[in-house]
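Scroll down for the structure; my scribbles are underneath it.
Just so it is clear, none of the values below were taken in a lab; they were calculated from the coordinates. What you are looking at is a predicted structure, and each value in this text was computed from that prediction instead of being measured. Note: ideal-geometry Cβ built from the backbone for every residue, glycine included; neighbour counts use all protein chains shown.
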Amino acid sequence: MTGVTGIPVITLDGGGGVGKSTLGCRLAERFGFHLLVSGALYRLVGLGLRERGIAFTDAAAINAFAAGLEVRFISADDGAGVECGGRRVDAEIAGEDAAEAASLAARAPAVRAALLASQRAFRRPPGLVADGRDMGTVVFPDAALKVFLTASAEERARRRYKQLRERGFCVSLDALTRELEERDRRDASRDIAPLRAADDAVVLDTTRQTLAETLLAIAALAAERNIKA
Ligand code: C5P
């Protein structure tokens, strides 16, 4: 099903470090679809509200801030890039500090409401790959294919560690494991849009899979649903 708009969406949801953004980027490339990395929006909003001292309950200020964000996602073979206001912001939103700011802001109903329309606006022809926590449950409930990715906590921490080290961050595996667990606990237990698989999502355990294997599995699921590149 491609939903009321007729524009197919593939959703990738799951906890931190599971590989959503890399997979999302590769899938968007493969299908020639647009890309939405919703975590990056939450990271930008989390950091922006903190910098400006905007309270999570101040809906008017949050809406104004979110409406002013001009974000573009770039999918390339070597990974996704994020532009905000015409400037690359990958480095400033990549770290665990930004992830923590995002996770705290993401519990607030006013923040989630402010981002709903902007996330849906990424759905443009010929299609969209959207990754996050609530893409299949809340933002695109009529998605053509919903995938919920899991992996063991150790494996997710290892992947995230590798990714951050490659980007030049100095992190410890122990601290990262604790931070990821705390963030997942918070994301899964919040009242609004908690991290969970949609009832009609396909759950893929990627613990023992390479990126290429997971990509192939998702492409096969897309083919079964007649989603075309
Ligand atoms: O995906 P990423 O790790 O960048 O997300 C950072 C944080 O943003 C998550 O821990 C979560 O709290 C929040 N988030 C969310 N809903 C989304 C995407 C991210 O609540 N769709």
Expected sort for 33-44, 187-198 on mean C-beta neighbours within 10 Å, highest first, is 33-44, 187-198
What does the convex hull of the Cα atoms come to per residue for the stretch 48-121, in Å³?
103 Å³
Quick check on the chain: of the DSSP beta bridges with both residues there, what percent are antiparallel, nearest 5%?
25 percent
Using the Cα atoms as the points, what is the convex hull volume per residue of the stretch 6-98 in Å³?
130 Å³
Equivalent ellipsoid, the stretch 93-207 (semi-axes from 5 times Cα gyration tensor eigenvalues, Å):
25, 17, 15
For the stretch 145-165 and the stretch 39-76, what is the separation of their Cα centres, given in Å?
25 Å
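Determine the dipole magnitude for the chain: charges of +1 sit on the beta-carbon of Lys and Arg, -1 on that of Asp and Glu, nothing else is charged, the reference point is the Cα centre, and the result goes in debye to the nearest 20.
That gives a dipole near 280 debye.
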Extension gain Ala229-Ala91, at 0.36 nm per residue separation less the Cα-Cα distance, in nm?
46.6 nm
Going highest first, how would you order 54-60, 115-121, 26-32 by mean Cβ packing within 10 Å?
26-32, 115-121, 54-60
Pseudo-spin-label distance Glu166 to Ala217, built 7 Å along Cα→Cβ, given in nm, is 1.9 nm
Mean shadow of the stretch 9-222, computed from the convex hull of its alpha carbons, in nm²?
10.9 nm²
Order of Cys84, Cys25, Cys170 under a 10 Å beta carbon neighbour criterion, fewest first
Cys170, Cys84, Cys25
